[in-house]
1. With respect to the numbered conditions (1) touching an Asp or Glu at 6+ places or on another chain (Cβ under 9 Å); (2) within 15 Å of the ligand (Cβ to nearest atom), which one is the sole condition not fulfilled by Lys5?
2. Do we find that Ile171 is within 9 Å of the ligand (Cβ to nearest atom), part of a helix (DSSP H, G or I) and buried (at least 17 other Cβ atoms within 10 Å of the Cβ) in this structure?
3. So how many residues does the range 138-158 have that are of a type in the set (A, V, I, L, M, F, W, C) and crowded, with 24+ Cβ neighbours inside 10 Å?
4. Collect the residues in the range 24-47 that are assigned to a helix (DSSP H, G or I) and over 15 Å from Ala94 (Cβ atoms), keeping them in residue-number order.
5. Inside the range 118-131, can you point out the residues that are more than 14 Å from the ligand (Cβ to nearest atom) and open to solvent by less than 80 Å² (accessible area, probe 1.4 Å)?
6. Considering only the range 93-117, how many residues are more than 10 Å from the ligand (Cβ to nearest atom), touching a Gly at 6+ places or on another chain (Cβ under 9 Å) and either among the basic types (Lys, Arg) or not in a loop (DSSP other than H, G, I, E, B) (or both)?
7. It is to be established whether one or more residues within the range 66-83 are at pLDDT below 95 and either among the hydroxyl-bearing types (Ser, Thr, Tyr) or within 16 Å of the ligand (Cβ to nearest atom) (or both).
Amino acid sequence: MSKGKLKDRVAVVTGAAGGLGAEAARVLASHGAKIAIIDINGEMADKMAAEICTKGGEAIAVATDISQEASVKLMVEQVVGHFGRIDILHNNAAILSNEQREGDRDVINMDVDAWDRAMAVNLRGAMLCSKYCIPEMIKLKRGSVINVASGLGAQGDLTLSAYAASKAALIMLARSIAAQYGKQGIRANALLIGLAPAENAHKSMPAEMLQIIRDNHLTPELGTPKQIADAVAFLACDESSFVTGSTLSVDGGFGSHTPSMVAMKSLFERMGSNKM
Ligand SMILES: NC(=O)c1ccc[n+]([C@@H]2O[C@H](COP(=O)([O-])OP(=O)(O)OC[C@H]3O[C@@H](n4cnc5c(N)ncnc54)[C@H](O)[C@@H]3O)[C@@H](O)[C@H]2O)c1
């Protein structure tokens, strides 16, 4: 990737105080973008913005609860007040706390508050950020909205039903935006992300569970935040100027093989077959 391909562009990155959002912010900044670090965790957002500035980039932090319309409206006013424009919106934030995961289960055992929180943050938050950022992009006749989906938004699983439904809806939200504002220069796409644990997140997962997930990725290893961030940078810049309304899988092939493949491979191995 060439340096400077996002020179002078302004990117709003939600959930950028840590994890994949922080890495996306770093990589977008490395390509020349000015970054608005948006997160409910204001202290961590400040640290992230300071990190980018220390490395010679430009960034501000705006503590925002993206599920609240007034908070998002104020955030966009602050970003435009500071940088004068918005070119890129990376809808990355999601509520993924342990409390949330415990409540967001199979449908019969769903904690309805967890369902509502998932929809409010993951889905309504992305809609609200789009609602207030897109008019700024239309002024420039150019813009890129990047929604973060997940394999769970495309395939059924045993738990996290609210998270999964919100992620599926984010794919559709990107298509709606692409259809509605494409003629005004706005592109919108979704990223379907595989497991790319940030920082030490994977250390909290039981090793056996991690191995099952690793086996179901077609790549030698799970993803890294940098690999995801590089795909964000691609969708943000002009190299993807003819890509809109699409869902780009950045999942190490997790969603592209037959559901039986891993079990079959193990069966062949046990049978001493040379089929694999
Ligand atoms: N890490 C992975 O392997 C993986 C896999 C598939 C999809 N994803 C998706 O990637 C995105 C980032 O995941 P992550 O692992 O970095 O998660 P994370 O929990 O580390 O980061 C999420 C960020 O969102 C912020 N946030 C939560 N509620 C908010 C609110 N109301 N307003 C503003 N900010 C809020 C949190 O403070 C946090 O900084 C999420 O959308 C997630 O669903 C991640």
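The values are calculated or read from the model by the stated rules, or taken from the named source; none is laboratory data. Remember, predicted model here, so these are calculated numbers, not experimental data. Glycine gets a Cβ as well: all are built from the backbone with ideal geometry, and neighbour counts include every protein chain shown. We work out accessible area using only protein heavy atoms, side chains counted, and drop any ligands, DNA or RNA first. Shrake-Rupley method; radii C 1.70, N 1.55, O 1.52, S 1.80 Å.
1. The single condition Lys5 does not satisfy is (2).
2. Details: within 9 Å of the ligand (Cβ to nearest atom): no; part of a helix (DSSP H, G or I): yes; buried (at least 17 other Cβ atoms within 10 Å of the Cβ): yes.
Here the answer is no, as Ile171 does not meet what is asked.
3. To start, the set of residues in the range 138-158 that are of a type in the set (A, V, I, L, M, F, W, C) comprises 138, 140, 145-146, 148-149, 152, 154, 158.
Retained after the next criterion (residues that are crowded, with 24+ Cβ neighbours inside 10 Å): 145-146, 148-149.
Matching residues across the range 138-158 total 4.
4. First pass over the range 24-47, keeping only residues assigned to a helix (DSSP H, G or I): 24-30, 42-47.
Matches in the range 24-47: Ala25, Arg26, Val27, Leu28, Ala29, Ser30, Gly42, Glu43, Met44, Ala45, Asp46, Lys47.
5. Of all residues in the range 118-131, those more than 14 Å from the ligand (Cβ to nearest atom) come to 130-131.
Answer for the range 118-131, where residues must be more than 14 Å from the ligand (Cβ to nearest atom) and open to solvent by less than 80 Å² (accessible area, probe 1.4 Å): just Ser130.
6. Residues that pass the stated criteria total 4.
7. Scanning the range 66-83, I find no residue that is at pLDDT below 95 and either among the hydroxyl-bearing types (Ser, Thr, Tyr) or within 16 Å of the ligand (Cβ to nearest atom) (or both), so the answer is no.
Yes or no, residue by residue, for (1) among the hydrophobic types (A, V, I, L, M, F, W, C); (2) within 10 Å of the ligand (Cβ to nearest atom); (3) part of a helix (DSSP H, G or I):
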{"residue": "Leu191", "(1), (2), (3)": "yes, yes, no"}
{"residue": "Ala198", "(1), (2), (3)": "yes, yes, no"}
{"residue": "Leu218", "(1), (2), (3)": "yes, no, no"}
{"residue": "Lys226", "(1), (2), (3)": "no, no, yes"}
{"residue": "Asp230", "(1), (2), (3)": "no, no, yes"}
{"residue": "Phe234", "(1), (2), (3)": "yes, no, yes"}
